[in-house]
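The values are calculated or read from the model by the stated rules, or taken from the named source; none is laboratory data. Computed from a predicted structure; not experimentally measured. Cβ coordinates were reconstructed from backbone atoms using ideal geometry, including for glycine residues, and neighbour counts include every protein chain displayed. Ligands, DNA and RNA are excluded from the accessible area calculation, which covers all protein heavy atoms including side chains. Shrake-Rupley method; radii C 1.70, N 1.55, O 1.52, S 1.80 Å.
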2 protein chains.
Amino acid sequence: MAGTDHTRGALRPTGPRIVLVEPQLPENIGATARAMLNCGLTDLALVKPRDRWPNDKAVAMSSGATAVLDGAGLFGSTEAAVADLQQIYAATARPRDLTKRVVTPRQAGQEIRQAVAAGQRVGVLFGPERSGLTNDDMVLAKTVITVPLNPSYASLNLAQAVLLVAYEWFQAGDDTPPESLIMNGSEPATMTELGNLLARVEAELDQAGFFRNEDIRPSIARNLRNLFHRLALTEQEVRTLHGVLSSLISTRHKR
Amino acid sequence: MAGTDHTRGALRPTGPRIVLVEPQLPENIGATARAMLNCGLTDLALVKPRDRWPNDKAVAMSSGATAVLDGAGLFGSTEAAVADLQQIYAATARPRDLTKRVVTPRQAGQEIRQAVAAGQRVGVLFGPERSGLTNDDMVLAKTVITVPLNPSYASLNLAQAVLLVAYEWFQAGDDTPPESLIMNGSEPATMTELGNLLARVEAELDQAGFFRNEDIRPSIARNLRNLFHRLALTEQEVRTLHGVLSSLISTRHKR
């Protein structure tokens, strides 16, 4: 296809090449392109796709990731599709007849990240939907990637398999914190703001006769304070709760 | 659907419930069921699917994960689909108007694993394909799951989003080593077996006049030994290489 041969090798690769060997369904090629672009991968190679190529069904399933499809290389053999690469991974179930190093997608993502950062050209092979990679194709790979899955139902859809490898590649280079708090314009309330709200809540409850028994007052008040502190309220929410409180009090006064 | 209400709550949950809110394409419901079963999840809830349910297109795309589809609960509102649950996550882009805790799928997988192991009933909400979850649905969730992705193309297919959450759930409880060597019946060769092979290679090369210069012999021999040791050969492969060597020698003797 246009733009493949002269860009390869000339440009420093930014990610691994995804090589689909004899893919049967154009829909899966389109879904593969979408999953690749979701994870920042753009180098797609197709080895003898079953159906006509280019293919409208692939475009429809790619959901706008057409640049990946337009740039895809078309090859007559797996060897030709990986000829300029330096390290090959094969995504498949655990090999039965070959001695092979096997890694998880997470391990592969980290390894490929490092290799590409060091300037190496890396490819990952995926086999046909029905049968998977042949042993002859697997032999080309230094390492097999096998996804740990439910052993009684481990057959992944082709584009889903590509997604998991591409996802782990992306995560290996991503520094999003595992956990964060999105505030959307507001700030966390200060201890003073929370203390004022709680003092007001307690005073109003006192006036309303909520603490009927002075013995239980400390533990109930403590539980209420604990609940409010656990909430991690924003300034805005403290203001809203003051308004809620005022509204409830005014209703009581009207009665 | 059959078998949902009386199994929920009565049985200890084995994984989170996947809740698809107003899914548009039955194909995506089928692909979701397949991705769920790949990762050992079986509890699927559908809130007002656009198309008729049950649906043949969903069955076709489920690739045999029909038990998940057959057991799926059908609900008239998101609230009804999560009524018996204790912790809700919402899978969506970062919220814009709500103060919310946001985690990666990896963090969520670990948290949900722990919560389910402690006996809690957990659900994960996924919104309609085109629009995603509404703020009213997101409000039900304690935590938002946002997948770190290519910021210029971050829109995941619905079933792909379910796969990533389900995959991280499975990985959080899986103990597959990141890296292993599959031997398929053979054993790693011992140092003695490797040493014998290398001694034979060197002797034969010597006889063939390969080491023309005694000065370079040590470094060439060392590089050869290094190459063979790096291979991590199996016993079987050592035997094969002895055969290869014998064969090459016999050819030479015939010449």
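Name the residues of region B:172-207, by number, that are at least 10 Å² less accessible with every protein chain in place than in the isolated chain; the surface is that of heavy atoms, probe 1.4 Å, without ligands or nucleic acids.
B:T176, B:P178, B:E179, B:S180, B:L181, B:I182, B:M183, B:N184
Explain nothing, just the number: dipole magnitude of region B:13-128 about its Cα centre with +1 on each Lys and Arg Cβ and -1 on each Asp and Glu Cβ, in debye rounded to the nearest 20.
About 380 debye.
Would you mind computing Rg(Cα) / (2.2 N^0.38 Å) for the protein assembly as shown, counting N as its residues?
Details: Rg = 29.7 Å, N = 510, 2.2 N^0.38 = 23.5 Å.
Taking N as the residue count of the protein assembly as shown, the ratio is 1.26.
Using only protein heavy atoms and a 1.4 Å probe, how much accessible area in total is buried between B and A, to the nearest 100 Å²?
4300 Å²
Between copies, how far does the label point of B:E187 sit from its twins, in nm, shortest first, when each point is 7 Å from Cα along Cα→Cβ?
7.0
So which of A:K57/B:K100; B:K48/B:K142; A:K57/A:K100; A:K48/A:K142 end up more than 32 Å apart by C-alpha?
With Cα atoms farther than 32 Å apart: A:K57/B:K100; A:K57/A:K100.
Using DSSP to define loop residues, name the GluC sites (Glu not before Pro) in region B:148-219 whose beta-carbon has at most 15 other beta-carbon atoms within 10 Å. Write out the running numbers ahead of the final one.
Values: sites: B:E168, B:E179, B:E193, B:E202, B:E204, B:E214; in loops: B:E214.
Those that pass, being in a loop and sparsely packed, are B:E214.
Please sort through the DSSP H helices of chain B and keep those with an alpha-carbon extent of at least 15 Å along the long axis and a Kyte-Doolittle average not below 0.5.
Passing helices, by number: B:158-172.
Kindly state, to the nearest 0.05, the FRET efficiency for B:I182 paired with B:E214, given R0 = 60 Å and r defined as their beta-carbon distance.
Result of the calculation: an efficiency of 0.90.
Distances in nm, one decimal, shortest first, from A:D70 to the same residue in every other copy, taking the label point 7 angstrom along Cα→Cβ.
Here A:D70 shows inter-copy label distances of 4.7 nm.
Distances in nm, one decimal, shortest first, from A:V244 to the same residue in every other copy, taking the label point 7 angstrom along Cα→Cβ.
Ordered by distance, the counterparts are at 7.4 nm.
Round to a whole angstrom and tell me the spacing of the C-alpha centers of region B:134-154 and region B:62-126.
About 12 Å separates the Cα centre of region B:134-154 from the one of region B:62-126.
Quickly estimate the mean residue ellipticity at 222 nm for chain B, helices only: each DSSP H run with n ≥ 4 gives -39500 (n - 2.57), and the total goes over all residues, rounded to 500.
-13500 deg cm²/dmol
Once each part is reduced to its C-alpha centroid, what is the distance from region B:157-176 to region B:223-245 in angstrom?
Computed from Cα coordinates, the inter-centre distance equals 40 Å.
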